Amino acid sequence: MAQDGVVKQAKKVIRVKPTVVAGSTDSGDVMFNATEIPNAVIGKGGSSKLIGFTIIDKDQESHDMSLIFMSKQTNFGTVNAAPSITDANLQAAKVLGAFKLDFSAQQIVVSQDSGSAAIYSSSGLMGASNSRDYFPMILEAESDSTSVFFTGIANEAMDYAATDDLEFVFYIEY
């Protein structure tokens, strides 16, 4: 809606906890398969802008990873094994974009009762130096959905204590 020449856009914070392997995952392996970001767009088949995200790592693993965003829920292989996706399935996934994250570049460590947690933040709005290459990313859902999906690939060996040690906080503009 415009008022006095100003366009107001709705913004939303969406929290998602993918299921990671409790135990070791080798570099190059799938960390977690296609995980839903519910209501990533307004209206079925709609689009939005991903303007940033934060990762809360409760186990303080702080490992580098790659994230792949897609319109259709498509697994990139077996969790804790090398990605193995056919060309047809990759095309059907309707990949929207990807991030290669250097966790140490944007990490903040905070104390908690059971030890420490690491927080990674990547957003052009938050001043992350490498984020200008990524944001905004246009998200688009399938015609019968308001969700988009993302998957994680380990860029180095990691060893999470619990399956819910990662939480992603997505900043979306409609």
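Hey, any hits in the range 125-132 for a residue that's open to solvent by less than 50 Å² (accessible area, probe 1.4 Å), touching a helix residue (DSSP H, G or I) at 6+ places or on another chain (Cβ under 9 Å), at pLDDT 95 or above and of a type in the set (A, V, I, L, M, F, W, C)?
No, the range 125-132 contains no residue that is open to solvent by less than 50 Å² (accessible area, probe 1.4 Å), touching a helix residue (DSSP H, G or I) at 6+ places or on another chain (Cβ under 9 Å), at pLDDT 95 or above and of a type in the set (A, V, I, L, M, F, W, C).
Testing I51 on (1) part of a loop (DSSP other than H, G, I, E, B); (2) in contact with an Asp or Glu (Cβ under 6 Å, 6 or more places away or on another chain), one condition comes back false. Which one is that?
Checking I51 against (1) part of a loop (DSSP other than H, G, I, E, B); (2) in contact with an Asp or Glu (Cβ under 6 Å, 6 or more places away or on another chain), the one that fails is (1).
Does A162 fit the bill of being small (G, A, S) and at pLDDT 95 or above?
Spelling it out, it is not the case that A162 is small (G, A, S) and at pLDDT 95 or above.
Which number in (1) at pLDDT 75 or above; (2) over 19 Å from S66 (Cα atoms) marks the one condition that A117 misses?
Looking at each condition in turn, A117 falls short on (1).
Give just the number: which of (1) open to solvent by 40 Å² or more (accessible area, probe 1.4 Å); (2) at pLDDT 95 or above; (3) in a loop (DSSP other than H, G, I, E, B) does I42 not satisfy?
(2)
Taking the stated definitions as given, is T35 in contact (Cβ under 8 Å) with a residue 60 or more places away in the chain and under 18 Å from A118 (Cα atoms)?
no
Taking the range 81-95 on its own, how many of its residues are under 18 Å from the mean Cα position of the chain (by Cα) and either open to solvent by less than 50 Å² (accessible area, probe 1.4 Å) or on the phi > 0 side of the Ramachandran plot (or both)?
2
The values are calculated or read from the model by the stated rules, or taken from the named source; none is laboratory data. Please read these numbers as outputs of a predicted model, since none were measured by experiment. Because the Cβ atoms are built from the backbone with ideal geometry, glycine has one as well, and the counts that use them run over all protein chains shown. Heads up: the accessible areas ignore ligands, DNA and RNA and are worked out on the full protein's heavy atoms, side chains in. Shrake-Rupley method; radii C 1.70, N 1.55, O 1.52, S 1.80 Å.
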